[in-house]
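*Asks:* Sharing a structure here in C-alpha coordinates format.
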Amino acid sequence: MASADRIRLVLLFGGRSAEHEVSCISALHVLRAIDPARFDVVPIGVTRQGRWLSAAESVAALPVAAPSLPSPDDESGPELDPMPTLLPARAGSGQPVVAFPLIHGPTGEDGTIQGLLETAGVPYVGAGVAASALCMDKGLAKRVLEASGLPLGRWLGLRGAEVNEGVAERVAETLGYPVFVKPANLGSSVGVTRVADGPDLAAALELALRYDEYLVIEEAITGREIEVAVLGNESPRPSLPGEIRPSHAFYDFEDKYLEDGAGLLVPAPLEPAQVEEVRSLALAAYRALQVDGMARVDFFLEEDGRGFLINELNTIPGFTPISMYARLWKETGLDYPQLVDELVSLALDRYHRRSGFETVRK
Ligand SMILES: Nc1ncnc2c1ncn2[C@@H]1O[C@H](COP(=O)(O)OP(=O)(O)O)[C@@H](O)[C@H]1O
Ligand SMILES: [Mg+2]
(Lines give C-alpha, C1' and ligand atoms only; values in the text may rest on other atoms or scores of the structure.)
(Ligands and ions follow the chains in the order given, each with its own letter.)
Protein backbone atom coordinates (compact mmCIF):
# COMPACT_ATOMS: atom_id res chain seq x y z
CA MET A 1 0.00 0.00 0.00
CA ALA A 2 1.35 3.45 -0.88
CA SER A 3 2.53 5.29 2.19
CA ALA A 4 0.07 8.13 1.53
CA ASP A 5 -2.76 5.66 2.17
CA ARG A 6 -1.43 4.62 5.49
CA ILE A 7 -3.06 6.15 8.52
CA ARG A 8 -0.94 7.69 11.22
CA LEU A 9 -2.50 6.55 14.48
CA VAL A 10 -1.55 8.77 17.40
CA LEU A 11 -2.04 6.68 20.51
CA LEU A 12 -2.43 8.84 23.61
CA PHE A 13 -1.99 6.92 26.83
CA GLY A 14 -1.01 7.10 30.49
CA GLY A 15 -2.29 10.33 31.96
CA ARG A 16 -3.04 11.92 35.29
CA SER A 17 -5.43 9.34 36.61
CA ALA A 18 -5.69 6.42 38.98
CA GLU A 19 -6.10 4.34 35.82
CA HIS A 20 -2.70 5.30 34.44
CA GLU A 21 -1.48 1.67 34.44
CA VAL A 22 -4.62 0.29 32.85
CA SER A 23 -4.20 2.86 30.12
CA CYS A 24 -0.60 1.74 29.44
CA ILE A 25 -1.70 -1.86 29.18
CA SER A 26 -4.62 -0.97 26.90
CA ALA A 27 -2.29 1.04 24.63
CA LEU A 28 0.11 -1.86 24.23
CA HIS A 29 -2.71 -4.17 23.22
CA VAL A 30 -4.02 -1.68 20.67
CA LEU A 31 -0.50 -1.44 19.28
CA ARG A 32 -0.25 -5.18 18.95
CA ALA A 33 -3.67 -5.51 17.41
CA ILE A 34 -3.39 -3.03 14.58
CA ASP A 35 -2.28 -3.94 11.11
CA PRO A 36 1.20 -2.46 10.48
CA ALA A 37 0.50 -2.48 6.75
CA ARG A 38 -2.26 0.07 7.26
CA PHE A 39 -1.12 2.13 10.23
CA ASP A 40 1.94 4.02 11.35
CA VAL A 41 1.65 4.28 15.09
CA VAL A 42 2.88 7.27 17.04
CA PRO A 43 2.60 6.45 20.75
CA ILE A 44 2.50 9.50 22.98
CA GLY A 45 2.65 8.93 26.71
CA VAL A 46 1.31 11.40 29.24
CA THR A 47 2.97 11.21 32.64
CA ARG A 48 1.17 11.10 35.96
CA GLN A 49 2.13 14.77 36.27
CA GLY A 50 0.54 15.58 32.91
CA ARG A 51 3.67 15.98 30.79
CA TRP A 52 3.53 14.72 27.22
CA LEU A 53 6.39 12.48 26.18
CA SER A 54 7.21 10.59 23.05
CA ALA A 55 6.89 7.07 24.42
CA ALA A 56 8.96 5.40 21.76
CA GLU A 57 10.53 6.36 18.47
CA SER A 58 8.64 3.68 16.62
CA VAL A 59 6.53 0.62 17.19
CA ALA A 60 9.49 -1.54 16.29
CA ALA A 61 11.38 -0.23 19.29
CA LEU A 62 8.76 -1.55 21.68
CA PRO A 63 9.42 -4.82 23.49
CA VAL A 64 6.51 -6.87 22.21
CA ALA A 65 6.75 -9.30 25.10
CA ALA A 66 6.43 -6.54 27.69
CA PRO A 67 3.22 -6.75 29.71
CA SER A 68 2.63 -3.04 29.23
CA LEU A 69 4.08 -0.03 27.52
CA PRO A 70 6.67 1.58 29.72
CA SER A 71 4.82 3.93 32.00
CA PRO A 72 5.59 7.41 30.75
CA ASP A 73 7.19 8.52 33.96
CA ASP A 74 10.60 9.49 32.78
CA GLU A 75 10.71 13.12 33.78
CA SER A 76 14.10 13.53 32.19
CA GLY A 77 12.90 12.77 28.66
CA PRO A 78 12.20 15.52 26.17
CA GLU A 79 8.81 17.04 26.80
CA LEU A 80 6.37 17.45 23.93
CA ASP A 81 4.03 20.35 23.52
CA PRO A 82 0.54 19.00 22.89
CA MET A 83 -0.43 21.31 20.05
CA PRO A 84 2.76 21.19 17.96
CA THR A 85 2.76 17.43 18.42
CA LEU A 86 -0.68 17.11 16.95
CA LEU A 87 -0.71 19.84 14.33
CA PRO A 88 2.23 18.68 12.17
CA ALA A 89 0.81 15.21 12.41
CA ARG A 90 -2.04 16.50 10.30
CA ALA A 91 -0.31 19.04 8.09
CA GLY A 92 3.04 17.27 7.54
CA SER A 93 2.88 14.71 4.78
CA GLY A 94 -0.75 14.78 3.80
CA GLN A 95 -0.99 11.42 5.51
CA PRO A 96 -4.36 10.93 7.22
CA VAL A 97 -4.06 10.99 10.99
CA VAL A 98 -6.38 9.64 13.67
CA ALA A 99 -5.83 10.08 17.39
CA PHE A 100 -6.84 7.33 19.79
CA PRO A 101 -7.19 8.82 23.27
CA LEU A 102 -6.85 5.98 25.74
CA ILE A 103 -6.46 8.13 28.81
CA HIS A 104 -9.05 7.50 31.49
CA GLY A 105 -10.68 10.00 33.80
CA PRO A 106 -10.25 13.78 33.92
CA THR A 107 -8.16 15.29 31.08
CA GLY A 108 -8.54 12.13 28.98
CA GLU A 109 -12.15 11.07 29.08
CA ASP A 110 -13.85 14.33 30.01
CA GLY A 111 -13.81 16.24 26.73
CA THR A 112 -10.64 18.23 27.34
CA ILE A 113 -8.32 16.19 25.15
CA GLN A 114 -11.17 15.82 22.68
CA GLY A 115 -11.42 19.63 22.56
CA LEU A 116 -7.71 19.89 21.89
CA LEU A 117 -8.06 17.41 19.03
CA GLU A 118 -11.05 19.31 17.61
CA THR A 119 -9.02 22.52 17.73
CA ALA A 120 -6.09 20.81 16.02
CA GLY A 121 -8.43 19.42 13.34
CA VAL A 122 -7.47 15.84 14.09
CA PRO A 123 -10.08 13.04 13.85
CA TYR A 124 -10.18 10.96 17.01
CA VAL A 125 -11.62 7.74 18.33
CA GLY A 126 -14.53 7.84 20.74
CA ALA A 127 -17.05 10.33 22.04
CA GLY A 128 -16.93 14.00 21.14
CA VAL A 129 -16.43 16.94 23.49
CA ALA A 130 -19.97 17.33 24.85
CA ALA A 131 -20.70 13.63 25.28
CA SER A 132 -17.32 13.03 26.93
CA ALA A 133 -17.86 15.88 29.38
CA LEU A 134 -21.42 14.80 30.16
CA CYS A 135 -20.59 11.16 30.71
CA MET A 136 -17.68 12.10 32.96
CA ASP A 137 -19.91 14.25 35.15
CA LYS A 138 -22.17 11.86 37.04
CA GLY A 139 -24.60 14.63 38.04
CA LEU A 140 -25.00 16.14 34.56
CA ALA A 141 -25.28 12.71 32.96
CA LYS A 142 -28.08 11.77 35.36
CA ARG A 143 -29.96 14.95 34.51
CA VAL A 144 -29.84 14.18 30.80
CA LEU A 145 -30.81 10.54 31.34
CA GLU A 146 -33.71 11.54 33.59
CA ALA A 147 -34.92 14.11 31.08
CA SER A 148 -34.91 11.31 28.50
CA GLY A 149 -37.15 9.21 30.72
CA LEU A 150 -34.51 6.59 31.44
CA PRO A 151 -34.54 4.64 34.73
CA LEU A 152 -32.15 5.73 37.49
CA GLY A 153 -31.91 5.30 41.24
CA ARG A 154 -32.73 8.24 43.51
CA TRP A 155 -29.94 10.75 43.85
CA LEU A 156 -29.01 14.27 44.93
CA GLY A 157 -26.49 16.60 43.31
CA LEU A 158 -24.60 19.06 45.48
CA ARG A 159 -21.88 21.62 45.11
CA GLY A 160 -19.25 21.92 47.84
CA ALA A 161 -20.58 25.32 48.87
CA GLU A 162 -24.05 23.82 49.47
CA VAL A 163 -22.79 21.25 51.96
CA ASN A 164 -24.07 22.24 55.39
CA GLU A 165 -25.68 20.84 58.55
CA GLY A 166 -28.95 20.21 56.76
CA VAL A 167 -27.56 17.75 54.23
CA ALA A 168 -27.74 14.68 56.49
CA GLU A 169 -31.43 15.28 57.07
CA ARG A 170 -32.13 15.92 53.41
CA VAL A 171 -30.39 12.68 52.54
CA ALA A 172 -32.42 10.78 55.15
CA GLU A 173 -35.67 12.24 53.79
CA THR A 174 -35.10 11.96 50.06
CA LEU A 175 -32.84 8.92 49.74
CA GLY A 176 -32.70 7.01 53.02
CA TYR A 177 -29.51 5.32 54.21
CA PRO A 178 -27.28 3.64 53.14
CA VAL A 179 -26.06 5.95 50.39
CA PHE A 180 -23.06 6.29 48.10
CA VAL A 181 -21.19 9.59 48.08
CA LYS A 182 -19.11 10.30 44.98
CA PRO A 183 -17.15 13.14 43.44
CA ALA A 184 -19.11 14.04 40.26
CA ASN A 185 -16.08 14.01 37.97
CA LEU A 186 -13.90 11.04 38.59
CA GLY A 187 -13.73 7.34 37.89
CA SER A 188 -12.20 4.12 39.10
CA SER A 189 -14.12 4.34 42.38
CA VAL A 190 -11.69 6.97 43.72
CA GLY A 191 -13.28 9.15 46.41
CA VAL A 192 -16.40 6.95 46.52
CA THR A 193 -17.75 5.95 49.96
CA ARG A 194 -20.68 3.81 51.01
CA VAL A 195 -22.27 5.53 54.00
CA ALA A 196 -24.30 3.33 56.32
CA ASP A 197 -25.88 6.07 58.41
CA GLY A 198 -26.10 9.81 59.07
CA PRO A 199 -23.12 10.19 61.42
CA ASP A 200 -20.71 8.91 58.75
CA LEU A 201 -21.94 11.26 56.04
CA ALA A 202 -19.72 14.23 56.87
CA ALA A 203 -16.47 12.30 56.45
CA ALA A 204 -17.63 10.89 53.10
CA LEU A 205 -18.60 14.36 51.86
CA GLU A 206 -15.25 15.68 52.96
CA LEU A 207 -13.40 12.91 51.14
CA ALA A 208 -15.37 13.39 47.90
CA LEU A 209 -14.78 17.16 48.09
CA ARG A 210 -11.05 16.54 47.96
CA TYR A 211 -11.54 15.35 44.38
CA ASP A 212 -14.19 17.64 42.96
CA GLU A 213 -16.36 20.62 43.87
CA TYR A 214 -19.49 18.82 42.66
CA LEU A 215 -20.80 15.68 44.34
CA VAL A 216 -23.53 13.15 43.87
CA ILE A 217 -25.20 11.26 46.68
CA GLU A 218 -27.10 8.15 45.60
CA GLU A 219 -29.34 5.67 47.36
CA ALA A 220 -27.47 2.38 47.70
CA ILE A 221 -29.03 -0.04 45.27
CA THR A 222 -29.18 -3.72 46.11
CA GLY A 223 -28.76 -5.49 42.84
CA ARG A 224 -26.56 -7.15 40.29
CA GLU A 225 -24.12 -5.13 38.15
CA ILE A 226 -24.77 -5.56 34.44
CA GLU A 227 -22.80 -3.88 31.64
CA VAL A 228 -23.39 -3.43 27.91
CA ALA A 229 -20.83 -2.27 25.33
CA VAL A 230 -22.14 0.10 22.65
CA LEU A 231 -20.31 0.87 19.40
CA GLY A 232 -21.12 3.29 16.59
CA ASN A 233 -21.95 6.83 15.54
CA GLU A 234 -25.29 7.40 13.83
CA SER A 235 -26.31 3.73 13.97
CA PRO A 236 -24.86 2.42 17.22
CA ARG A 237 -25.31 -1.20 18.21
CA PRO A 238 -25.29 -2.83 21.64
CA SER A 239 -23.32 -5.93 22.61
CA LEU A 240 -24.63 -8.79 24.67
CA PRO A 241 -24.67 -7.88 28.37
CA GLY A 242 -22.02 -8.98 30.88
CA GLU A 243 -22.06 -9.07 34.65
CA ILE A 244 -19.60 -8.01 37.34
CA ARG A 245 -19.57 -9.94 40.57
CA PRO A 246 -17.56 -7.75 42.94
CA SER A 247 -15.56 -9.58 45.59
CA HIS A 248 -15.61 -6.57 47.92
CA ALA A 249 -18.68 -4.87 49.35
CA PHE A 250 -18.74 -2.84 46.15
CA TYR A 251 -16.73 -2.79 42.94
CA ASP A 252 -14.01 -0.63 44.38
CA PHE A 253 -10.56 0.44 43.30
CA GLU A 254 -8.86 -2.70 44.71
CA ASP A 255 -11.27 -4.96 42.90
CA LYS A 256 -10.93 -3.18 39.60
CA TYR A 257 -7.19 -2.80 39.36
CA LEU A 258 -5.19 -4.30 42.15
CA GLU A 259 -6.50 -7.75 42.86
CA ASP A 260 -8.24 -8.87 39.73
CA GLY A 261 -10.77 -10.27 42.17
CA ALA A 262 -14.04 -9.29 40.58
CA GLY A 263 -15.63 -12.01 38.54
CA LEU A 264 -16.64 -11.06 35.02
CA LEU A 265 -19.47 -13.14 33.61
CA VAL A 266 -19.74 -12.94 29.83
CA PRO A 267 -22.49 -13.21 28.82
CA ALA A 268 -24.50 -12.31 31.91
CA PRO A 269 -26.93 -15.02 33.01
CA LEU A 270 -30.21 -13.24 32.19
CA GLU A 271 -33.56 -14.16 30.67
CA PRO A 272 -33.87 -13.41 26.94
CA ALA A 273 -36.39 -10.63 27.67
CA GLN A 274 -34.00 -9.03 30.15
CA VAL A 275 -31.18 -9.20 27.61
CA GLU A 276 -33.30 -7.35 25.07
CA GLU A 277 -34.40 -4.81 27.64
CA VAL A 278 -30.94 -3.95 28.89
CA ARG A 279 -29.54 -3.72 25.36
CA SER A 280 -32.24 -1.32 24.32
CA LEU A 281 -31.78 0.78 27.47
CA ALA A 282 -28.03 0.92 26.79
CA LEU A 283 -28.70 2.15 23.28
CA ALA A 284 -31.19 4.74 24.51
CA ALA A 285 -28.71 6.06 27.10
CA TYR A 286 -25.95 6.23 24.48
CA ARG A 287 -28.21 8.17 22.14
CA ALA A 288 -29.52 10.47 24.89
CA LEU A 289 -25.98 11.53 25.75
CA GLN A 290 -25.06 11.82 22.05
CA VAL A 291 -22.09 9.49 22.29
CA ASP A 292 -20.06 8.63 19.17
CA GLY A 293 -17.55 5.82 18.87
CA MET A 294 -17.94 3.77 21.99
CA ALA A 295 -19.16 3.60 25.58
CA ARG A 296 -19.72 0.97 28.19
CA VAL A 297 -23.10 1.46 29.81
CA ASP A 298 -23.27 0.20 33.41
CA PHE A 299 -26.49 -0.85 35.13
CA PHE A 300 -27.78 -2.14 38.41
CA LEU A 301 -30.40 -4.84 38.18
CA GLU A 302 -32.78 -4.61 41.10
CA GLU A 303 -34.46 -7.97 40.89
CA ASP A 304 -38.02 -8.06 42.30
CA GLY A 305 -37.91 -4.29 42.26
CA ARG A 306 -37.41 -1.59 39.67
CA GLY A 307 -35.42 -3.79 37.30
CA PHE A 308 -32.60 -2.14 35.36
CA LEU A 309 -31.34 1.22 36.65
CA ILE A 310 -28.55 3.04 34.82
CA ASN A 311 -25.45 3.68 36.90
CA GLU A 312 -23.13 5.42 34.45
CA LEU A 313 -21.59 5.53 30.97
CA ASN A 314 -17.84 5.22 30.45
CA THR A 315 -16.66 6.69 27.14
CA ILE A 316 -13.09 5.38 27.53
CA PRO A 317 -13.61 2.06 29.24
CA GLY A 318 -10.71 -0.25 30.12
CA PHE A 319 -9.55 -1.41 26.71
CA THR A 320 -7.41 -4.50 27.09
CA PRO A 321 -8.63 -7.69 25.38
CA ILE A 322 -9.72 -9.03 28.80
CA SER A 323 -11.51 -5.82 29.76
CA MET A 324 -15.27 -6.03 29.84
CA TYR A 325 -15.71 -3.80 26.76
CA ALA A 326 -13.62 -5.99 24.45
CA ARG A 327 -14.90 -9.23 25.96
CA LEU A 328 -18.48 -8.22 25.35
CA TRP A 329 -17.73 -7.50 21.69
CA LYS A 330 -15.88 -10.76 21.29
CA GLU A 331 -18.90 -12.58 22.69
CA THR A 332 -21.08 -10.62 20.26
CA GLY A 333 -18.91 -11.63 17.29
CA LEU A 334 -16.33 -8.85 16.90
CA ASP A 335 -12.76 -9.67 17.86
CA TYR A 336 -10.23 -7.20 19.26
CA PRO A 337 -8.44 -6.25 16.01
CA GLN A 338 -11.80 -5.78 14.28
CA LEU A 339 -12.96 -3.62 17.16
CA VAL A 340 -9.92 -1.35 16.95
CA ASP A 341 -10.34 -1.14 13.19
CA GLU A 342 -13.99 -0.21 13.43
CA LEU A 343 -13.26 2.49 16.02
CA VAL A 344 -10.72 4.10 13.69
CA SER A 345 -13.22 3.99 10.80
CA LEU A 346 -15.87 5.55 13.03
CA ALA A 347 -13.42 8.34 13.95
CA LEU A 348 -12.84 9.12 10.27
CA ASP A 349 -16.54 8.89 9.41
CA ARG A 350 -17.49 11.35 12.10
CA TYR A 351 -14.72 13.72 11.12
CA HIS A 352 -15.80 13.74 7.48
CA ARG A 353 -19.46 14.05 8.33
CA ARG A 354 -18.84 17.00 10.63
CA SER A 355 -16.39 18.74 8.32
CA GLY A 356 -19.26 19.14 5.88
CA PHE A 357 -21.12 21.65 8.05
CA GLU A 358 -21.16 25.34 7.21
CA THR A 359 -19.48 27.52 9.79
CA VAL A 360 -20.67 30.88 8.53
CA ARG A 361 -24.05 32.08 7.27
CA LYS A 362 -24.34 31.59 3.52
N1 LIG B 1 -25.85 3.74 44.16
C2 LIG B 1 -25.13 2.62 44.29
N3 LIG B 1 -25.68 1.51 44.84
C4 LIG B 1 -24.97 0.37 44.98
N5 LIG B 1 -23.68 0.23 44.62
C6 LIG B 1 -23.06 1.30 44.08
C7 LIG B 1 -23.77 2.54 43.89
N8 LIG B 1 -22.92 3.42 43.32
C9 LIG B 1 -21.76 2.77 43.16
N10 LIG B 1 -21.83 1.51 43.62
C11 LIG B 1 -20.71 0.54 43.63
O12 LIG B 1 -19.50 1.27 43.51
C13 LIG B 1 -18.84 1.01 42.26
C14 LIG B 1 -18.20 2.28 41.71
O15 LIG B 1 -19.16 3.28 41.51
P16 LIG B 1 -19.32 4.04 40.12
O17 LIG B 1 -20.41 5.01 40.25
O18 LIG B 1 -19.45 3.05 39.03
O19 LIG B 1 -17.97 4.84 40.05
P20 LIG B 1 -16.76 4.84 39.03
O21 LIG B 1 -17.01 5.93 38.06
O22 LIG B 1 -15.62 5.12 39.91
O23 LIG B 1 -16.71 3.48 38.35
C24 LIG B 1 -19.94 0.40 41.39
O25 LIG B 1 -19.41 -0.44 40.40
C26 LIG B 1 -20.77 -0.36 42.43
O27 LIG B 1 -20.13 -1.59 42.80
MG1 LIG C 1 -18.23 2.51 37.43
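*Asks:* With just the Cα atoms defining each centre, how far is the stretch 179-219 from the stretch 276-326? Give it in Å.
*Replies:* Each part's Cα centre sits 22 Å from the other's.
*Asks:* Using the Cβ atoms and a cut-off under 15 Å, what net charge is assigned to the surroundings of G149, where Lys and Arg are +1 and Asp and Glu are -1? Before the final figure, lay out the partial values.
*Replies:* Numbers: positive: K142, R143, R287, R306; negative: E146, E277.
My count for the surroundings of G149 gives +2.
*Asks:* Which log10 I(q)/I(0) values, to two decimals, does the stretch 288-362 give at q = 0.12, 0.25 Å⁻¹ under the Debye formula with one point per Cα?
*Replies:* Log10 I(q)/I(0), no solvent term: -0.50, -1.19.
*Asks:* Amide H neighbours of D40 under 5 Å, at least 5 residues apart or on other chains, H built in the peptide plane: list them.
*Replies:* I7, R8, L9
*Asks:* Something else about it: From largest to smallest, what semi-axes in whole angstrom does the stretch 155-219 give when each is the square root of 5 times an eigenvalue of its alpha carbon gyration tensor? Mind dumping the intermediate values first?
*Replies:* Working: eigenvalues 55, 31, 20 Å².
For the stretch 155-219, the ellipsoid semi-axes come out as 17, 12, 10 Å.
*Asks:* Whenever you get a sec, line up Y124, Y351 from highest to lowest accessible area (probe 1.4 Å, protein heavy atoms).
*Replies:* Numbers: Y124 5, Y351 80 Å².
These residues rank, largest area first, as Y351, Y124.
*Asks:* Expressed as a whole percentage, what fraction of the accessible surface of the stretch 155-219 belongs to carbon and sulfur atoms when a 1.4 Å probe is rolled over the protein heavy atoms?
*Replies:* Carbon-and-sulfur percentage of accessible area, whole number: 48.
*Asks:* Let me ask another. Quick one: accessible surface of K330, probe radius 1.4 Å, all protein chains present, in square angstrom to the nearest 10.
*Replies:* 140 Å²
*Asks:* Another question, then. Determine the sum of side-chain charges near R159: Lys and Arg each +1, Asp and Glu each -1, restricted to other residues whose C-beta is under 13 angstrom from that of R159. The partial results should precede the final answer.
*Replies:* Working: positive: none; negative: D137, E162, D212, E213.
After counting each charged neighbour, the total is -4.
*Asks:* Counting only other residues whose beta carbon sits under 10 Å from that of P267, what net charge do I get with K and R as +1, D and E as -1?
*Replies:* Numbers: positive: R327; negative: E243, E331.
Spelling it out: positives minus negatives among the neighbours equals -1.
*Asks:* ³J(HN,Hα) across the stretch 36-43 via Karplus (A = 6.51, B = -1.76, C = 1.60, θ = phi - 60°), whole Hz, x for Gly/Pro?
*Replies:* x, 6, 10, 10, 9, 9, 10, x
*Asks:* Right, next: Which FRET efficiency value, to the nearest 0.05, do you get for D335 and R361 by plugging their Cβ-Cβ distance into 1/(1 + (r/R0)^6) with R0 = 45 Å?
*Replies:* Step by step, r from the Cβ atoms, then E = 0.45.
*Asks:* A further question on this structure: Which order do F180, F308 take when ranked by solvent-accessible area (1.4 Å probe, heavy atoms of all protein chains), largest first?
*Replies:* Result, largest first: F180, F308.
*Asks:* Oh, and also: Quick one: accessible area per residue over the stretch 110-187, 1.4 Å probe, rounded to a whole number of Å²?
*Replies:* Details: 3120 Å² over 78 residues.
In whole numbers, the stretch 110-187 has 40 Å² accessible per residue.
The values are calculated or read from the model by the stated rules, or taken from the named source; none is laboratory data. The model shown is predicted, which means the values in this text are computed figures rather than measured ones. We place every Cβ from the backbone using ideal geometry, glycine too, and count neighbours over all the protein chains shown. We work out accessible area using only protein heavy atoms, side chains counted, and drop any ligands, DNA or RNA first. Shrake-Rupley method; radii C 1.70, N 1.55, O 1.52, S 1.80 Å.
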